[in-house]
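K.L.:
A single structure is presented below for examination.
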Amino acid sequence: MATIPSMKVSEQEIKKILSLTEGHFTDLKAMEIKPAKLTRTLAAFANAEGGEIYIGVAEDQTRQIRTWHGFATAEDANAHIAVFEELFPIGADSNMCFLLSDTESGLVLKVEIPKSRNIKTALDGIVYVRRGAQNLPVNDSTRLEILRREKGISSFETETVNVDHNIITNSEVTIAFMLEVVPCSEPETWLAKQQVLQNGKPTVAGLVLFSEEPQANIPKHCGIKLYRYTTSEPE
């Protein structure tokens, strides 16, 4: 099993994590969640636009209060890591690190899942896709065929557009989003890591997600329909 690196986070960054809104790109889970069930979220992110999962955040549903409640040792997360490595090889389809603090006890496991080029299936044998804060099963042949075509054919969303990268690296959308990214990162570095900024140029997907006026810069031949995801109650 690969060694998972550790990264120290500040008290301010911990507050950011605990106040994150679960949605299309982010999910928080208690460390007690069964690894097999957790693969639904990983598969859903990989089948959509990717996302981040923080494992080790407890939530009091009655009082709606979150607390940092991570793994006592890195070895205590082995069951989660093993199933991740089986479905999403580290370095290929996911990145992991432990977040630790001087003020909070326990290690929170952060998992970054990029958009996958093939369809990912959870351990229950079902294909999921992320929509808002939900992991929706793709359980009919028509929707599954659409997803296959999306994964199997190079799409316009991965094309770069010959416009200034500042359109997404310095947009209000990106600046607001980066305030929630933990650990802190520079917009250009983070966007490149998410593969929406390539060779200094934004991709069509990058313009759709992070520019203030995507319709003004996306080539008409792409035929992209613009819409915003809405957040609903998480699974």
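The values are calculated or read from the model by the stated rules, or taken from the named source; none is laboratory data. Every value quoted in this text rests on a predicted model; they were computed, and no experiment measured them. When we count neighbours, we look across all protein chains shown, and the Cβ atoms used for this are built from the backbone with ideal geometry, even at glycine. Surface accessibility is based on the protein's heavy atoms, side chains included, excluding ligands, DNA and RNA. Shrake-Rupley method; radii C 1.70, N 1.55, O 1.52, S 1.80 Å.
K.L.:
Would you compute the Debye intensity of the chain from its alpha-carbon atoms alone, equal scatterers and no solvent, and pass along log10 I(q)/I(0) at q = 0.11, 0.15, 0.17 Å⁻¹ to two decimals?
P.N.:
One equal scatterer on each Cα of the chain leads to -0.58, -1.09, -1.37.
K.L.:
Another one. Within the chain, what is the longest stretch that has no trypsin sites (Lys or Arg not before Pro) placed in a DSSP loop and near at most 16 other beta-carbon atoms within 10 Å? List each step's numbers first, then the result.
P.N.:
Numbers: sites that count: Arg63, Arg117, Lys225, Arg228.
The longest uninterrupted stretch comes out as 118-224.
K.L.:
Using the Cβ atoms and a cut-off under 13 Å, what net charge is assigned to the surroundings of Phe71, where Lys and Arg are +1 and Asp and Glu are -1? Walk me through the numbers on the way to the answer.
P.N.:
Working: positive: Lys29, Lys110; negative: Glu32, Glu75, Asp76, Glu104.
Cβ neighbours under 13 Å give a net charge of -2.
K.L.:
Now for a different question. Between segment 166-194 and segment 109-133, how many Å separate their Cα centres?
P.N.:
22
K.L.:
Pairs Lys120/Lys151; Lys16/Lys115; Lys8/Lys120; Lys34/Lys120; Lys15/Lys37: which exceed 21 Å Cα-Cα?
P.N.:
Values: Lys120/Lys151 10 Å; Lys16/Lys115 24 Å; Lys8/Lys120 31 Å; Lys34/Lys120 18 Å; Lys15/Lys37 26 Å.
Beyond 21 Å between Cα atoms: Lys16/Lys115; Lys8/Lys120; Lys15/Lys37.
K.L.:
I've got another one for you. For Gln61 and Cys97, calculate 0.36 nm times their separation in residues minus their Cα-Cα distance, and state this gained length in nm to one decimal.
P.N.:
Numbers: separation 36, 0.36 × 36 = 12.96 nm, distance 2.67 nm.
In short, 10.3 nm is gained.
K.L.:
Residues with beta-carbon under 14 Å from that of His80, excluding His80: net charge, scoring Lys, Arg +1 and Asp, Glu -1?
P.N.:
On the way: positive: Lys29, Lys34, Lys37, Arg40, Lys110; negative: Asp27, Glu32, Glu75, Asp76, Glu85, Glu86.
Net of charged neighbours comes to -1.
K.L.:
Could I ask something else about it? Roughly how compact is segment 134-202, stated as its Cα Rg over 2.2 N^0.38 Å to two decimals? The partial results should precede the final answer.
P.N.:
Details: Rg = 15.8 Å, N = 69, 2.2 N^0.38 = 11.0 Å.
Rounded to two decimals, the normalised Rg is 1.43.
K.L.:
Still on this structure, please answer the following. Order His80, His165, His69 by their accessible area, 1.4 angstrom probe, all chains in place, largest first. Intermediate values should be presented prior to the final figure.
P.N.:
Numbers: His80 10, His165 50, His69 85 Å².
Accessible-area ranking of His80, His165, His69, largest first: His69, His165, His80.
K.L.:
In percent, how large is the relative contact order of the chain, given Cα pairs closer than 8 Å and 6 or more residues apart? Could you put the intermediate results ahead of the total?
P.N.:
Working: 403 pairs, mean separation 51.9, N = 235.
Normalised by residue count, the contact order of the chain is 22 percent.
K.L.:
Fully extended, how many nm does the chain gain between Gln195 and Ile175 (0.36 nm per residue separation, minus their Cα-Cα distance)? All intermediate terms of the calculation are to be shown ahead of the outcome.
P.N.:
Values: separation 20, 0.36 × 20 = 7.20 nm, distance 1.75 nm.
That works out to 5.5 nm of additional length.
K.L.:
Taking a 1.4 Å probe, which of Ile119, Ile65 shows the most accessible area, and what order do the others take after it? Each step should come with its number before you reach the end.
P.N.:
Values: Ile119 50, Ile65 75 Å².
Descending accessible area places them as Ile65, Ile119.
K.L.:
While we're here: If each of Thr3 and His69 carries a label point 7 Å out from its Cα toward its Cβ, how far apart are those two points in nm?
P.N.:
According to this spin-label approximation, the distance is 3.1 nm.
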